[in-house]
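S.K.: Sharing a structure with you now.
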Amino acid sequence: MLTVGTKGRVLIIDDDSGVRDMLAQALSDVGGYHTEIASDGLDGLEKIRSDEYDVIFTDLKMPRLNGMEFLKKCKEISPATPVVVLTGVSTTEIAVSAMRKGACDFITKPSRVEKIVATADRILGERKLFGQLTSAQNSDVSLKALNAELFKRLQEIVTLNAVSTDVDRHYENKDLFARAAGMAAKLLAANEVSFGIVEDGRFKVKSAIGIRERNFPVAGTLFEEVIERKQYGVFDVGQPSPYDGAPLASQILAIPLLVGNEVFGILCFSAKADGSAFSEEDVYLAINLGKKVSSKIENNALYEVFFNNLVDSLKSLVATIEARDSYTKQHSERVTMYAVAIAEVMGLGKDDIDAIRFGGYLHDIGKIGVSDTVLLKPGRLTEEEIREIRLHTVIGDEIVKPIKFFDKEREIIRHHHEHYNGNGYPDAASGPGIPTIARILSVADCYDAMTSNRPYRKALTREFAVAEINRCAGTQFDPGVVRAFMETKFDKEIP
Ligand SMILES: [Fe+2]
């Protein structure tokens, strides 16, 4: 039995008044449900004896009658009513056993409002479909309608799956913004789509189709309502357009984009190509696209924080190594600068140059594993000491190995001491067997080593270093890289 004006009736049973009130409010405000509350299992039983509910959420640990006992009695009184178990993380196993006893799902507390609402929506949707199936058993007409409905659902799932794959493929937010507007327009057959972020009280369009206005305050517009309610809105013809205040010529569907519980943007559709109003399916697809895009942006942001932290940690590790050896101070920075310049002359792509930018900085990171006595020894090194210092390429490779997306940087770290003729280390690789970016680093590294003060000698002149690099083209160095190095004119420009 549905209460007029609501999607369904939900009962929440929890002895923690804070939890049950929060759930009730979320399911009513965000989910659009009629909600009722009960303070324990006994209270809940009284409710289900006198009323029907579409979904019940119940806590497990409660005084008087706990969740398990309630579930058992509930299945006797109202066997078809779906019960969702609310559980703390530590009681997940109990929740699973509750599901074996007839609960239809469980939610771990604390949980996001959207997840709770989505659970109720899904259960209600399944019940509706089940109801249709039961009533359709003796009717061809209903069966046809049901088949059509199932086919439509299948198409929606296929479409959403395609959208999901496409969103995942676009790693950077910039590409994602552009793709999101395009996908949205296609998905809903809308001629106007805008995808923007809400920042400092303004709606800033990042990508749009058929929309001119790109940056405007949200105060007083229809978007303000969407942001405040954190819920989608459908606005009818004649209402003031959020873009320019003029009366709307067609309906607008605005979907809030959330990260955590905060609205950070809006995906807005207008002008359906066939002039129709937005259907329930349109809203469903738009909400799901919005969720997918939001979660991708959230992941990107988290990855960025993680990546920046990682970069900072690695940089401080390099700084530590350089601090141990005052002669090599800023060596990594200079090597990177030389190597990037060589790569640019050679016309390498952005990915390779980015790898050099970071990998160049990290190329000697393995020296963290080389003892001070060897690293800072002023005189000649023994054979054993040479072996130890050479290990820095392998140690560095091991340090960076667990980091995803660092494959190119690893090539630099491992192979920057290989020789073009195969006489280098650690793998005695030669010619094209050495990654190009590592061959570049090798020239840059040697040039800086020669032109810097070392524990065992003073800096050599730039002219001498350049002549030496030229002399070793084809043996130690790749002749192509040496030619590019000569074009960088470092011998004249770097003080
Ligand atoms: Fe090195």
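S.K.: Per residue, how many Å² of accessible area does the stretch 201-290 show with a 1.4 Å probe? Don't skip to the end; give the middle numbers.
M.R.: Working: 4170 Å² over 90 residues.
Heavy-atom accessible area per residue stands at 46 Å².
S.K.: May I ask you to give the percent of accessible area on the stretch 339-495 that is carbon plus sulfur, with a probe radius of 1.4 Å?
M.R.: Values: 4030 of 7690 Å².
C and S atoms contribute 52 percent here.
S.K.: On a C-alpha basis, how far is the centre of the stretch 1-74 from the centre of the stretch 319-358 in Å? Whole number, if you could?
M.R.: That distance is 62 Å.
S.K.: Which trypsin sites (Lys or Arg not before Pro) in the stretch 422-484 pass both tests, a DSSP loop state and at most 12 other beta-carbon atoms within 10 Å? Walk me through the numbers on the way to the answer.
M.R.: Working: sites: Arg439, Arg457, Lys458, Arg462, Arg471, Arg483; in loops: Lys458.
Passing both the DSSP loop test and the Cβ count: Lys458.
S.K.: Would you please give the FRET efficiency between Arg229 and Leu317, computed as 1/(1 + (r/R0)^6) with r the Cβ-Cβ distance and R0 = 45 Å, to the nearest 0.05?
M.R.: Approximately 0.40, to the nearest 0.05.
S.K.: Sorted from largest down, what three extents in whole angstroms do the Cα atoms of the stretch 413-484 have along their principal axes?
M.R.: 34, 25, 18
S.K.: Quick one: in the stretch 357-415, what % of C-alpha pairs are over 16 Å apart?
M.R.: Values: 733 of 1711 pairs.
For the stretch 357-415, the share of Cα pairs beyond 16 Å comes to 43 percent.
S.K.: Still on this structure, I have one more. What GluC sites (Glu not before Pro) does the stretch 406-495 have in DSSP loop regions with at most 16 other beta carbons within 10 Å?
M.R.: On the way: sites: Glu409, Glu411, Glu418, Glu463, Glu468, Glu487, Glu493; in loops: Glu418.
When the GluC sites (Glu not before Pro) of the stretch 406-495 are filtered for loop state and at most 16 Cβ neighbours within 10 Å, nothing remains.
S.K.: If amide hydrogens are placed 1.01 Å from N in the peptide plane, which non-local residues have theirs closer than 5 Å to the one on Phe203?
M.R.: Those qualifying (amide H under 5 Å, at least 5 residues apart or on another chain) are Phe216, Val218.
S.K.: Taking the solvent-accessible surface of protein heavy atoms with a 1.4 Å probe, what is the per residue accessible area of the stretch 330-432 in Å²?
M.R.: Numbers: 5140 Å² over 103 residues.
Spelled out: the 1.4 Å probe surface of the stretch 330-432, per residue, equals 50 Å².
S.K.: Which order, highest average first, do 205-215, 274-284 follow once you tally other Cβ atoms within 10 Å for each residue and take the mean per peptide?
M.R.: Details: 205-215: 15.8, 274-284: 12.7.
Those peptides, ordered most packed to least, come out 205-215, 274-284.
The values are calculated or read from the model by the stated rules, or taken from the named source; none is laboratory data. From a predicted model like this one, the values you see are computed outputs, not experimental measurements. Cβ: placed from backbone, ideal geometry, glycine included. Neighbour counts: every protein chain shown. Ligands, DNA and RNA are excluded from the accessible area calculation, which covers all protein heavy atoms including side chains. Shrake-Rupley method; radii C 1.70, N 1.55, O 1.52, S 1.80 Å.
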